[in-house]
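Everything below concerns the one structure shown next.
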Amino acid sequence: MNVARAARPTRPPVPAMPDFATLDRTHAAALEMLGAFERLLDELDERGSDEAAAQSARQILEFFSGPGRDHHAQEERQVFPGLLASSDAELVHHVKRLQQDHGWIEEDWRELSPQIEAIAAGYNWYDLPMLRAALPVFTALYHEHIALEESLIYPVAKRQAQAMQDAAAARLQGG
């Protein structure tokens, strides 16, 4: 028996579910790039700027200017909004801290990137003492940021996403 249904009204699109596996891989890549950054500074101390240093600098520059930034934007769009709507004041506080971290990471990167661009291009006007002073701050911030996301924020966000999927599936089955 065919029953004609009334057309359903259009609704605004909902944001895509976060791809936590991709977010986790980006964290691993960030930690790897921070290690590469430290090794680059050691190489510059030992040999100065050469093609190997330039190649390493290009990889660091590419990551922190591309996937690293994109990762933070994805979190701001897909992970944080639902958590900020929580009635859990401590959770909201942690999410706001992570948002502040994103701003600080961007600020730090804007200071570091011209130096890395110079190394990547084969110039030797970079300021190694400045890089040596700034990298530990950048690295510590990234490590703390990732630890908070992976230990608290992502597990809560994953449970929240699963609950939304379960509710959507229940609605589909019920009607």
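In the chain, taking the dipole from charged Cβ atoms about the Cα centre, the farthest positive-side position among Tyr154, Phe63, Ala6 is held by Ala6.
Summarising the overall dimensions of the chain from its C-alpha atoms, the Rg and Dmax are 21.6, 80 angstrom.
Relative to the present Cα-Cα distance, how much length would full extension add between Glu111 and Arg171 at 0.36 nm per residue of separation? Mind showing how you got there, number by number?
Working: separation 60, 0.36 × 60 = 21.60 nm, distance 4.97 nm.
Result: 16.6 nm gained on full extension.
Local charge sum around Gln165 (other residues, Cβ-Cβ under 15 Å, Lys/Arg +1, Asp/Glu -1)? Write down the numbers at each step before the final one.
Details: positive: Lys158, Arg159, Arg171; negative: Asp19, Asp166.
Once positives and negatives cancel, what remains is +1.
Can you tell me the relative contact order of the chain? Whole percent, Cα pairs under 8 Å, sequence separation 6 or more.
On the way: 109 pairs, mean separation 49.7, N = 175.
Here the relative contact order equals 28 percent.
Farthest towards the positive end of the charge dipole of the chain, among the residues Gly103, Val137, Ala118, is the Cα of Gly103, using unit charges on the Cβ of Lys, Arg, Asp and Glu. How far is helix 89-120 tilted, in degrees, relative to the longest principal axis of the Cα atoms in the chain, given as a value from 0 to 90 rounded to the nearest 10? Here the helix axis deviates by roughly 40 degrees.
Each Lys and Arg Cβ is given +1 and each Asp and Glu Cβ -1; about its Cα centre, the stretch 20-165 then shows a dipole of about 520 debye. Residue separation of Gln100 and Ser87 scaled by 0.36 nm, minus their Cα-Cα distance, works out to 2.7 nm of gained length.
Averaging Cα coordinates gives a centre for the stretch 105-168 and one for the stretch 38-91; these two points are 4 Å apart.
Bear in mind that the values in this text are calculations on the coordinates, not laboratory data. Every value quoted in this text rests on a predicted model; they were computed, and no experiment measured them. Quick reminder, even Gly has a Cβ in these numbers, built from the backbone with ideal geometry, and neighbours come from all protein chains shown.
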